[in-house]
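First the structure, in the form of structure tokens, and then the observations on it.
The values are calculated or read from the model by the stated rules, or taken from the named source; none is laboratory data. These numbers were taken from a predicted model, which means no experiment stands behind them. So basically every Cβ, Gly included, is an ideal-geometry build from the backbone, and we count neighbours across all protein chains shown. Accessible surface is based on the protein model in full, side chains and every heavy atom, while ligands, DNA and RNA are left aside. Shrake-Rupley method; radii C 1.70, N 1.55, O 1.52, S 1.80 Å.
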Amino acid sequence: MTLSGVLVLLMGYLIFSIKLPMAKSTVYTVPTAIPSPTQLNSDTLWSLVQKWRTDNGFQPYIKDQNLCSYASQRAIQIKSDFSHSGFSIKDICGGNACSGAENLAEGYYSEQDTLTAWIKSPDHLSDLKYNYTNSCIECSGLYCAQEFVSYMTTPTPVQTSSISNIAISLAVQNCLKQDAQALNDAIARMDANGTPFTSEQIKNLEQSAIDNCKTSN
């Protein structure tokens, strides 16, 4: 065999003897997406607020169903207008003398985050610290509204039968017949609206009738 032939065989042996390194494969793990909540729980947020109140030395709120109805409406309204422009102290007080306020929240993915955001905001924190007695929280999706109220006086509804008795007693006195009729007319209107007189309103009507009687005599 010639020298060139030996060299060719030797080169072939070297080529097939070299072990090429294996390519390393990299495995990528795709993290599982955690779904974001689409609805905050009103009761959970309410419990967190109540606990925050008691933990910080404040009285827990009285849950007011009238405020719950109003807060439910507001939670829906603020989806299209996130502001306090729709807030009405007259609506939440129901015609009674009271002071009130409102806290709103949008876009937080947990009830705790919502409360934390309120606590970090001076204006919202001020509402939470104030001595409002009645409150309620309602959420619609990720929009939440908390309404606060303190009534100046607690209205005492009086049954229609009691009002009728007052009207009859006034009618017994001739000089008060006209006022008794006016009272009865007012009773009919109040009944139609489903709103009873308060004891304070009756007292004012009685006094007005007595004053008119004195004037006519």
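In region 57-82, the residues that are within 22 Å of residue 142 (Cα to Cα) reach residues that are assigned to a loop (DSSP other than H, G, I, E, B) and modelled with pLDDT of 90 or more with C-beta atoms within less than 6 angstrom, at least six apart or across chains, in these pairs: 77/86.
Which residues, counting only those in region 34-55, are farther than 14 Å from residue 139 by Cα and without any contact (Cβ under 8 Å) to a residue 12 or more places away in the chain? Within region 34-55, 34, 35, 50, 51, 54, 55 qualify. So in region 72-88, with the set limited to residues that are in contact with a Ser or Thr (Cβ under 8 Å, 6 or more places away or on another chain) and open to solvent by less than 90 Å² (accessible area, probe 1.4 Å), which one is farthest from residue 125 (Cα to Cα)? Among residues in region 72-88 that are in contact with a Ser or Thr (Cβ under 8 Å, 6 or more places away or on another chain) and open to solvent by less than 90 Å² (accessible area, probe 1.4 Å), the one farthest from residue 125 (Cα to Cα) is 72. Does residue 85 count as out of contact with any helix residue (DSSP H, G or I) (no Cβ under 8 Å at 6 or more places or on another chain) and over 20 Å from residue 43 (Cβ atoms)? Yes.
Return the residues of region 131-152 that are closer than 13 Å to residue 75 by Cβ and part of a strand (DSSP E or B); say none if nothing qualifies.
Across region 131-152, the qualifying residues are 136, 137, 138, 139, 140, 143, 144, 145, 146, 147.
Tell me, yes or no, whether region 153-176 has at least one residue that is assigned to a helix (DSSP H, G or I), open to solvent by 60 Å² or more (accessible area, probe 1.4 Å) and modelled with pLDDT of 90 or more. No - not one qualifying residue is present in region 153-176. When residues in region 131-141 are screened for being open to solvent by less than 10 Å² (accessible area, probe 1.4 Å) and either farther than 19 Å from residue 88 by Cβ or of a type in the set (Ser, Thr, Tyr) (or both), 1 of them pass.
Residues that are part of a strand (DSSP E or B) and either over 27 Å from residue 152 (Cα atoms) or open to solvent by 30 Å² or more (accessible area, probe 1.4 Å) (or both) within region 100-130 comprise 105, 106, listed in sequence order. I'd like to check something: does region 142-149 contain any residue that is over 30 Å from residue 38 (Cβ atoms) and either open to solvent by 30 Å² or more (accessible area, probe 1.4 Å) or at pLDDT below 95 (or both)? No, the conditions are met nowhere in region 142-149.
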